[in-house]
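What follows is a set of notes on a single structure, which appears directly below.
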Amino acid sequence: MGGTVTRFAPSPTGFLHLGHAASALLAWGSVRAAGGQFLLRLEDIDAQRCRAEFASAIIEDLTWLGLDWDGPIRVQSAQVAQYQDCLARLQAMGVIYPCFCSRSDIAAAAGAPQGEGPIPYPGRCRARPASEMAALRQAGRAFAWRLDVARARAMVDRPLGWDEIGAGWVAATPERLGDVVLGRKDAPVSYFLAATHDDAAQNIDLVVRGEDLRAATSVQILLQALLGWPHPAYRHHPLIRDATGRRLAKRDGDVALRDLRAAGYSPDAVRKLLPDWVGAVTLSV
Ligand code: GLU
């Protein structure tokens, strides 16, 4: 895999835990032994939830763990103009539309909960007459930009999918998440578009991340096809769970790497807590 470029792209919304350590070490170990590059990106476009202190803590924790990265750290909040250009391109292609719906409008239109996961958008604003849309925009109502997934898919005249390391070709099913938001009401861009843009801008050819983002991969493959960007290979790894089977989450106050460090764990002892699929990673410290 000589020359492969991968990345770790945490959002500074909390302290890193063992799940992040596993993901970062797997990505690092997937390329470093063969001379590839490992890049670090801070996904901080959500100004409400991201904090500078978490960004510094991420850098400190990764360094403590023995990881290093190539080149400067990419910080998404400094790239907003690039994301806006992408939205303008998608708008010119006619594959995004303004959506004025609130969360409660969407929940009400979707009816009874359909099981776990986000509710796919029921399409109200996609079908809004142009005159009504213009009036809402003129009235200064806040809106998000949504991807018209059916129209976008129809514009790409080939099978869409990706190479999943260890499993081969996987067909993309972007319609499963529905008309996702690409430009947010409360932030200039959504995760789907910012991460896809940056993977292309950073020449990432291997994305290593948790299997919770597998559905997002289908959307990102579609965006890559629309915007003429290459498709990286992906490796979606299992999530780290606690003894009751619940996935670790920053918001639930799961044990952070810095808590383990404060409790006297060495980086090596932390690595030994991780499952076998992380692999034998030889670090320089
Ligand atoms: N920023 C995302 C997260 O912290 C990860 C994005 C990615 O790896 O594509 O969950």
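The values are calculated or read from the model by the stated rules, or taken from the named source; none is laboratory data. Worth saying up front: this structure is predicted, and the values here are computed from it rather than measured. In this analysis, Cβ positions are derived from the backbone assuming ideal geometry, glycine residues included, and neighbour counts consider all displayed protein chains. Keep in mind that these areas ignore ligands, DNA and RNA; they rest on the heavy atoms of the full protein, side chains included. Shrake-Rupley method; radii C 1.70, N 1.55, O 1.52, S 1.80 Å.
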Q: Kindly provide the set of residues from the range 193-241 that are among the hydroxyl-bearing types (Ser, Thr, Tyr) and out of contact with any Lys or Arg (no Cβ under 9 Å at 6 or more places or on another chain), ordered by number.
A: Thr196
Q.
Considering only the range 120-128, I want to know if a residue exists there that is open to solvent by less than 30 Å² (accessible area, probe 1.4 Å) and more than 23 Å from the chain's Cα centre (by Cα).
A. yes
(Q) Kindly evaluate Gly71 against the criterion of being more than 28 Å from Gly183 (Cα to Cα), outside any strand (DSSP E or B) and in contact with a Ser or Thr (Cβ under 9 Å, 6 or more places away or on another chain). (A) no
Q: Please find, among Ala154, Ala107, Ala135, Ala88, the residue that is open to solvent by 70 Å² or more (accessible area, probe 1.4 Å) and part of a helix (DSSP H, G or I).
A: Ala154
Q | Segments classed as helices (runs of 4 or more DSSP H), wholly inside the range 157-272, with at least 1 members that are closer than 30 Å to Arg124 by Cβ | A | 191-201, 214-227
Q. In this structure, is Ala34 farther than 30 Å from Gly166 by Cα and part of a loop (DSSP other than H, G, I, E, B)?
A. no
Q. What are the residues in the range 124-176 that are hydroxyl-bearing (Ser, Thr, Tyr) and within 24 Å of Gly111 (Cα to Cα), if any?
A. Thr173
Q.
Give all pairs with beta carbons closer than 6 Å in which a residue from the range 215-236 that is on the phi < 0 side of the Ramachandran plot meets a residue that is aromatic (Phe, Trp, Tyr); count only pairs at least 6 apart in sequence or on separate chains.
A. Thr217/Tyr234; Val219/Phe192; Ile221/Trp162; His231/Trp162; Tyr234/Trp162
Q | Members of the range 12-45 found to be buried (at least 19 other Cβ atoms within 10 Å of the Cβ), farther than 17 Å from Trp69 by Cβ and near the ligand (Cβ under 10 Å from one of its atoms), listed by number | A | Gly14, Gly19, Ile45
Q) How many residues, within the range 140-151, are in contact (Cβ under 8 Å) with a residue 12 or more places away in the chain and in a loop (DSSP other than H, G, I, E, B)? A) 4
Q) Can you find even one residue in the range 51-65 that is part of a loop (DSSP other than H, G, I, E, B) and either open to solvent by 10 Å² or more (accessible area, probe 1.4 Å) or among the polar types (S, T, N, Q) (or both)? A) yes
Q) Could you count how many residues in the range 33-82 are touching a strand residue (DSSP E or B) at 6+ places or on another chain (Cβ under 8 Å) and without any contact (Cβ under 8 Å) to a residue 12 or more places away in the chain? A) 0
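This table checks each residue for (1) open to solvent by 70 Å² or more (accessible area, probe 1.4 Å); (2) farther than 19 Å from Thr13 by Cα; (3) within 16 Å of the ligand (Cβ to nearest atom).
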{"residue": "Asp212", "(1), (2), (3)": "yes, no, yes"}
{"residue": "Thr217", "(1), (2), (3)": "no, yes, yes"}
{"residue": "Gln224", "(1), (2), (3)": "no, yes, yes"}
{"residue": "Leu227", "(1), (2), (3)": "no, yes, no"}
{"residue": "Tyr234", "(1), (2), (3)": "no, yes, yes"}
{"residue": "His237", "(1), (2), (3)": "no, yes, yes"}
{"residue": "Ala256", "(1), (2), (3)": "no, no, yes"}
Q. Say we look at the range 191-210 and pick out the residues that are in contact with a strand residue (DSSP E or B) (Cβ under 7 Å, 6 or more places away or on another chain) and under 17 Å from Arg146 (Cα atoms); which of these is most open to solvent (accessible area, probe 1.4 Å)?
A. Phe192
